[in-house]
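Every read-out reported here was derived from the displayed coordinates using simple, explicitly stated rules and does not represent laboratory data. Just so it is clear, the structure is predicted and the values come from calculations on it, not from any experiment. Every residue, glycine among them, receives a Cβ derived from its backbone with ideal geometry; neighbour counts consider all protein chains shown.
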């Protein structure tokens, strides 16, 4: 097979070196170490419910110690069986308060029969790295570990400590309080920082071309609801009109047709205002139209933007059915039908109002609506001048001419807990991915190989700029 070399002519290529798709020997020793760390993390099954984050945390601790870190500065903290958190510290002069680098090492389930490749092996093909966690969130975990080792071996002395926290149970929003909440409650001094860098936003590509670099400063609230219908049931040979499954299905059908009202906030206003310049003409006009005033719910501009799932998630609260169960025997009328509904609620929108809306949309007092999780409300992180300035400087070097876009995550991260603990948190990865091809939590999760190396070098430079020193 003809050897293909993918080499950037930017500053990045000079720093990171060229990468060969065909020949792993073209990697520098530093890149090979990074790839080995990434592969080790991917190939440790850390599915939140059944995997082993303790093993992953211990593996990364071993990497850091082998890279020259004092064992006293590398701690594996385990709140329970198979649960592990890693906290490591690169010590600086102490002239300024530390920076926290946060990444979670647990992942969502991935079944081999659903994937084209083995999800728990790092597979490199077609210019991509494939594997569960390649994108969410072992890219940043591996990058932070490799970059800390690089700082140590280069003798870098920052003006402030750089703290790394690899946490468990983020994929369930630390519901069992064994990840970031456990660290905040039991080891706050180990992770206290002026601000944190976390997942949440990266470089958007359109047909492979960088078009924007995003910084997540706010997130929606994730709240789960249960819809339930109970019934006396009976024998299936004598059906009746009052069927629990039919009632629930009709309510879910009404929910599928319902759209929550348009809402905008400071972050989403900045988001649409800045990306409009890089959008097609009609889309740009629609974005400017919704920013000019409060649009009528039936306006064409709002309708067209809402048809794009990514934009729709920035425009309003969303609630979607994600789980379904019902009945107990094939020859019996159902006594129970139940659905799980996941809502992603706009900051500032009362959760009680969302629940009341669901009750109204169900339009059936036989469908019981119960909130099964509590919302984590957190105020957006301010657009810190030093952070945004460093991002702007590096963005111009790595991807000249693209805008910096503040974003609100439609998902949820553990950054909300840090914000509530007084640690402003910024979701910013430097990882380029094609807009509309986000396979997070899905089948064949993947990361562009070229983007992986760019992102690693970008984060290496960004953290050094923010940490200062020499």
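Quick one: check the C-alpha center-to-center distance for the stretch 27-50 versus the stretch 399-434, whole angstrom. Rounded to whole Å, the Cα centres lie 23 Å apart. Taking every Cα-Cα distance in the stretch 360-470 and sorting them into 10 Å bins starting at zero, the pair-distance distribution P(r) comes out as 10, 31, 32, 16, 7, 4, 0 percent.
Expressed in whole Å with the largest first, what are the equivalent ellipsoid semi-axes of the stretch 387-431 derived from the C-alpha gyration tensor as the square root of 5 times each eigenvalue? Write down the numbers at each step before the final one.
Values: eigenvalues 118, 29, 12 Å².
Result for the stretch 387-431: semi-axes of 24, 12, 8 Å.
Working from Cα pairs under 8 Å separated by at least six residues, relative contact order for the stretch 220-371 is 43 percent.
Hey, fewest Cβ within 10 Å first, where do 450, 83, 257 land in order? Please report the intermediate quantities before stating the final value.
On the way: 450 19, 83 22, 257 7.
Sorted ascending by nearby Cβ count, the order is 257, 450, 83.
If you line up the long axis of helix 281-292 against the longest principal axis of the chain, both from Cα atoms, how many degrees apart are they, to the nearest 10? Between the helix axis and the principal axis of the chain, the angle is about 70 degrees.
So what's the stretch 54-113 giving for Cα Rg divided by 2.2 N^0.38 Å, two decimals? Can you show the working numbers first?
Numbers: Rg = 14.3 Å, N = 60, 2.2 N^0.38 = 10.4 Å.
Compactness ratio reported: 1.38.
Our Cα-only numbers for the stretch 401-455 put the radius of gyration and Dmax at 13.7, 37 Å. For the chain, the mean residue ellipticity at 222 nm estimated from helices alone is -10500 deg cm²/dmol, where every DSSP H run of n ≥ 4 contributes -39500 (n - 2.57) and the total is divided by all residues, rounded to the nearest 500.
Between residue 187 and residue 242, the FRET efficiency from the beta-carbon distance, with R0 = 56 Å, is close to 0.55.
Using only alpha carbon pairs under 8 Å that are at least six residues apart, calculate the relative contact order of the stretch 89-175 and give it in whole percent. After rounding, I find 54 percent. Over all directions, the projected convex hull of the C-alpha atoms in the stretch 242-292 averages 5.3 nm² in area.
Taking the radius of gyration and the Kirkwood hydrodynamic radius from Cα positions alone, what is the Rg/Rh ratio for the stretch 191-258, to two decimal places? Walk me through the numbers before you get to the answer.
Details: Rg = 23.7 Å, Rh = 17.9 Å.
Looking at the stretch 191-258, the ratio lands at 1.33.
Each principal axis of the Cα cloud of the stretch 269-336 was taken in turn, and the coordinate range along them, longest first, works out to 59, 23, 18 Å. Sequence-distant contacts, meaning Cα pairs under 8 Å at least 6 residues apart, place the relative contact order of the chain at 22 percent. Taking Cα atoms, how many degrees apart are the long axis of helix 266-275 and the longest axis of the chain, rounded to 10 and kept between 0 and 90? Tilt of helix 266-275: around 70 degrees.
DSSP assigns beta bridges within the chain; of those with both partners inside it, close to 70 percent run antiparallel.
Which residues in the stretch 329-353 have a backbone N closer than 14 Å to a point placed 7 Å from the Cα of residue 372 along the Cα-to-Cβ line? In the stretch 329-353, the label zone of residue 372 (backbone N under 14 Å from the point 7 Å along Cα→Cβ) covers 337-343. Taking only the C-alpha atoms of the stretch 220-371, the Rg (one decimal) and the largest Cα-Cα distance, Dmax (whole number), read 19.4, 63 Å.
Per the Kirkwood treatment, what hydrodynamic radius in Å, one decimal, follows for the stretch 295-436 from the mean inverse distance over all distinct Cα pairs? Don't skip to the answer; put the middle values down first.
On the way: mean 1/r = 0.0524 Å⁻¹.
One over the average 1/r among Cα pairs gives 19.1 Å for the stretch 295-436.
Taking the C-alpha atoms only, the angle from helix 53-66 to the longest principal axis of the chain is near 10 degrees.
Judged by the ratio a/c of the largest to the smallest principal axis of the C-alpha gyration tensor, the stretch 172-302 counts as oblate, that ratio being 1.5 or greater while a/b is no larger than b/c.
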